[in-house]
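Colleague: Quick one: the structure is below, questions incoming.
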Amino acid sequence: MFSFPNPLNEKAARVVAGVVALAGVVVLLTGAHWLLVPLAYGFWARVLTGPTLSPLGRLASGVIAPRLGAPKYVAGPPKRFAQGMGAAFTTLAAVLALGFGLKTAADVLVGLLVVAATLESVFALCLGCQAFVLLMRVGLVPAETCERCANIWSRA
C-alpha cells in the first residue's frame, strides 16, 4: 500500500496536475481556502501510496489516462518528490489561511502551485522533477535513486 509507481504514466500525472491547477485557481478566485484541505490530502495520499488512496490519482491513472492513448512512462522518484513539494505547499497554505488567517501568504503559495501544476499539465514541464535533478547533481539524492531514475526499466 505504501508505494509509488516506478515507472508511471506521465499522462496520468498531467491529468492530476490539471485538476490541481484548476482547484488552485478556484481557491484564488473565490477565497475558498477550505479547498486546500482536500488538495493537501490528495498530495499526501499520492506521496505515501501513489494513486491507491487518492481518488484523483485513481481516476487519472485508471480511467482518464488509458483513454488518452498509449502510456508514456517516466521515472517515479522525481514525480514522488514533486508530489511531496505539492503536499508541503498546500499544507502550509492551509495552515496559514485556516489556522492563522494569513490568506495573502497562503494565496502566494497557491499561486506558485498553480504555476507549477499548469506547467506540468500543459507543457509536461515538472518543476519538482527539475528540483529533484538538481538534488541528484549536488549529491543529496543517493546514487541508487539516480540509477533508477536514469533507467526506468531497471526495476524488476
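Colleague: In deg cm²/dmol and to the nearest 500, what is the mean residue ellipticity at 222 nm of the chain if only DSSP H runs of at least 4 residues count, each as -39500 (n - 2.57), divided by the residue total? Kindly include the intermediate steps, with their values, before the conclusion.
Modeller: Values: 7 runs with 99 residues, N = 156.
Helix contribution divided over all residues of the chain: -20500 deg cm²/dmol.
Colleague: If you place +1 on the Cβ of every Lys and Arg and -1 on the Cβ of every Asp and Glu, how big does the dipole about the Cα centre of the chain come out, in debye to the nearest 20? Before the final figure, lay out the partial values.
Modeller: On the way: 12 positive and 5 negative charges, 64 e Å.
The calculated dipole for the chain is roughly 300 debye.
Colleague: With springs connecting C-alpha atoms under 10 Å apart, model the chain as a Gaussian network and identify which of 12, 21, 105 has the largest mean-square fluctuation.
Modeller: Looking only at 12, 21, 105, the largest GNM fluctuation is found for 105.
Colleague: Right, next: Expressed as a whole number of Å, what is the distance separating the alpha-carbon centroids of segment 102-130 and segment 3-24?
Modeller: Distance between centres, Cα-based: 13 Å.
Colleague: So how compact is segment 10-156: Cα radius of gyration and Dmax in angstrom?
Modeller: Reported Rg and Dmax, both Å: 15.5, 48.
Colleague: Name the residue farthest towards the positive end of the dipole of segment 1-150 from the options 123, 8, 111, assuming +1 on Cβ of Lys and Arg, -1 on Cβ of Asp and Glu, about the Cα centre.
Modeller: Of the listed residues, the answer is 8.
Colleague: Could you tell me what percent of the accessible area of the chain is made up of carbon and sulfur, with a 1.4 Å probe and every protein chain present? Write down the numbers at each step before the final one.
Modeller: Values: 5930 of 8380 Å².
Here it works out to 71 percent.
Colleague: Another question, then. Report, largest value first, the span of the C-alpha coordinates of segment 1-52 along each principal axis, in whole Å.
Modeller: 36, 21, 10
Colleague: Still on this structure: Express in Å², to the nearest 10, the accessible area of residue 127 obtained by rolling a 1.4 Å probe over the protein heavy atoms while all chains stay in place.
Modeller: Near enough 80 Å² of accessible area.
Colleague: How about residue 11: which aspartates and glutamates have a C-alpha closer than 20 Å to its C-alpha, ignoring those fewer than 8 places off in the same chain?
Modeller: Cross-link targets: 120.
Colleague: If you don't mind, another one. Give me the number: length gained by fully extending residue 124 to residue 102, i.e. 0.36 nm times residue separation minus the C-alpha to C-alpha distance, one decimal in nm.
Modeller: 4.7 nm
Colleague: To continue, here is another question. Quick check for you: with a 1.4 Å probe and neighbouring chains kept, what is the accessible area per residue of segment 91-136, in Å²?
Modeller: On the way: 2370 Å² over 46 residues.
Here the per-residue accessible area is 51 Å².
The values are calculated or read from the model by the stated rules, or taken from the named source; none is laboratory data. This structure is a prediction, so every number in the text was calculated from the model and none was measured. Glycine gets a Cβ as well: all are built from the backbone with ideal geometry, and neighbour counts include every protein chain shown. Accessible surface areas use protein heavy atoms only, side chains included; no ligands, DNA or RNA. Shrake-Rupley method; radii C 1.70, N 1.55, O 1.52, S 1.80 Å.
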